[in-house]
Each structure stands twice: as C-alpha cells, then as structure tokens.
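Only one structure is covered here, and it is reproduced in the block below.
Values quoted throughout were computed directly from the atomic coordinates according to the rules given, and no laboratory measurement underlies them. Note that the coordinates shown come from a computational prediction; the quantities given were computed from them, not determined experimentally. Heads up, the Cβs are rebuilt from the backbone with ideal geometry, glycines too, and the neighbour counts pull from every protein chain shown.
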Amino acid sequence: RKEVEQDPGPFNVPEGATVAFNCTYSNSASQSFFWYRQDCRKEPKLLMSVYSSGNEDGRFTAQLNRASQYISLLIRDSKLSDSATYLCVVNRTTSGTYKYIFGTGTRLKVLA
Amino acid sequence: DTGVSQDPRHKITKRGQNVTFRCDPISEHNRLYWYRQTLGQGPEFLTYFQNEAQLEKSRLLSDRFSAERPKGSFSTLEIQRTEQGDSAMYLCASSPGGQNNQPQHFGDGTRLSIL
C-alpha cells in the first residue's frame, strides 16, 4: 500500500460543476499537507497548503481530517482552466529529515 | 527570476552515456530535493540535501546515480551508464529550513530521453 493514495481519475465534469478529491495517508507522523497542481509535461505548482481548521482560497477549499488520515480538495464553479492533475503531498519529519511524499495525482478534465 | 532553475530542460542521449543535471534553488532555501517522475505517476523522491549535507537517499537511487551540493547552493545529479529505464522527468525542488510546514517550490524539470 502506498503511503499517500489518491483516486487517479479522470474526473470529467462540466464547466460550473463542483468537484471534490480525497487523499488518504497512512503515516500518522505526517505533519504538513499540501495540494499541488500539475499541468501536462510541466512541473508541480503549489495550489494551497492545508491547515487543521480547513482553509479556502477563492473557489478552492481544503480540509484535513487527522483522525481519519485524509485530506480533501473541493473546487467550486469549475473552469476549463482547472483541467490538470492535482497532487496530494504529505510532509513528515523522520530523524531530523524533512520528507515530502506525493500521491500519484488525480486527473481533472473540465468540459465545455 | 528568483525561482528554482534547472538545466538543461531536455536531454537526449544514447544508452550507456553519462548525463549531469544542474539545479539552482531559491537562494534562501536550505533544503534541496531531487525527484523522478514518469507518466501517470507522482514525483518519486530520490535524494535530499540540507545545506551541503546529503541527508537521505532513496533505494531508487542505484549506484549509477550520484548527487552533490558542494557549497550548499546549487546541486548536480549525475547518472552514469544510462539505461532506457532512466527516461523520465527529473525534478528539483527547494524549501526553507526551520519549520517543517513550508511547501516546496519546483523547477521546470529536466526531461531525459534515452535512445
């Protein structure tokens, strides 16, 4: 089992729809959480950090559930330009090293 | 531009050749990471530096791979005797030292193709 798991999708949604992705992590020592966006053949770019109380950035809302060890990303009023792969990233500290573990990503296609 | 930069952007080489990639992190970032990414997968951790010290290496990093960060600034990743399975995107990322809740920032990556 992978340490960080995501549904690879693709999620095909019409413009204007609301879509949600979940990501589960298995290491309870995980400390920080992030969502990245990656366009085809490009580098990952930080979308948002995920805070314990949940946080929102425009149309994007991230939630963290430490008890169940999952994080979520909600996209409201989806745009064609939201089409991309969304990577869930977990950071943990082990013996003084800071490691980032990536999920395989969830592909989103927003359709006109 | 004060982001992470990688060079070259693309590298095409024949099997068996050696290749070297360079990464220049964001200047105030102490931590530097190398990843490998293949189609349909998330980035896979290869190795990690805190300043000039290489603190962790993945089992993925066979003895054909070596990375350095001699002065705690830029880093190089060398692959010796390349194999077709080495074809991938090689990504470099950096993050600040100190608190562990800081996100990483990625360079554009080096796309390696082995003929």
Using Cβ contacts closer than 10 Å as the measure, can you line up B:Arg36, B:Arg111, A:Arg107 from fewest to most? B:Arg111, A:Arg107, B:Arg36
For the protein assembly as shown, size of Cβ-based charge dipole, Lys and Arg +1, Asp and Glu -1, in debye: 460 debye
Summing +1 per Lys or Arg and -1 per Asp or Glu among the other residues with Cβ less than 13 Å from A:Asn22's Cβ gives -2
How many angstrom separate the Cα center of region B:90-111 from the Cα center of region A:82-106? 11 Å
Cα centroid separation, region A:25-63 to region B:1-67 (Å): 22 Å
Near the amide H of A:Leu47, under 5 Å away, which other amide H atoms are found, from residues 5 or more places off or on another chain, if H is placed in the peptide plane? A:Trp35, A:Tyr36, A:Arg37
Taking a ≥ b ≥ c as the square roots of the eigenvalues of the Cα gyration tensor, with a/c under 1.5 meaning rounded and otherwise prolate when a/b exceeds b/c and oblate if not, chain B is prolate
Neighbouring partner chain Cβ atoms per residue of B:102-112, average, 10 Å criterion: 4
Most exposed to least, judged by fewest other Cβ atoms within 10 Å, A:Asp57, B:Asp24 sort to A:Asp57, B:Asp24
Compare B:Ser75, B:Ser94, B:Ser62 in a GNM of chain B, Cα atoms joined below 10 Å, and give the one with the largest fluctuation. B:Ser62
With DSSP loop assignment and no more than 13 other C-beta atoms within 10 Å, the trypsin sites (Lys or Arg not before Pro) in region A:1-72 are A:Arg1, A:Lys2, A:Arg41, A:Arg59, A:Arg66
Can you sort B:Glu68, B:Glu56, B:Glu28 so the residue with the fewest Cβ neighbours within 10 Å comes first? B:Glu28, B:Glu68, B:Glu56
Between the modelled labels at A:Ser53 and B:Thr76 (7 Å from Cα along Cα→Cβ) the distance in nm is 4.9 nm
On a straight-distance basis, which lysines could pair with A:Lys2 in a cross-link, Cα separation under 24 angstrom, same-chain partners fewer than 8 positions away excluded? A:Lys42, A:Lys45, A:Lys99, B:Lys57
Counting only Cβ distances under 4.7 Å between cysteines, those in chain A with no partner are A:Cys40
Among the aspartates and glutamates, which fall within straight-line cross-link reach of A:Lys79, defined as a Cα-Cα distance under 16 Å, with same-chain neighbours fewer than 8 residues apart omitted? A:Glu15, A:Asp39, A:Asp57
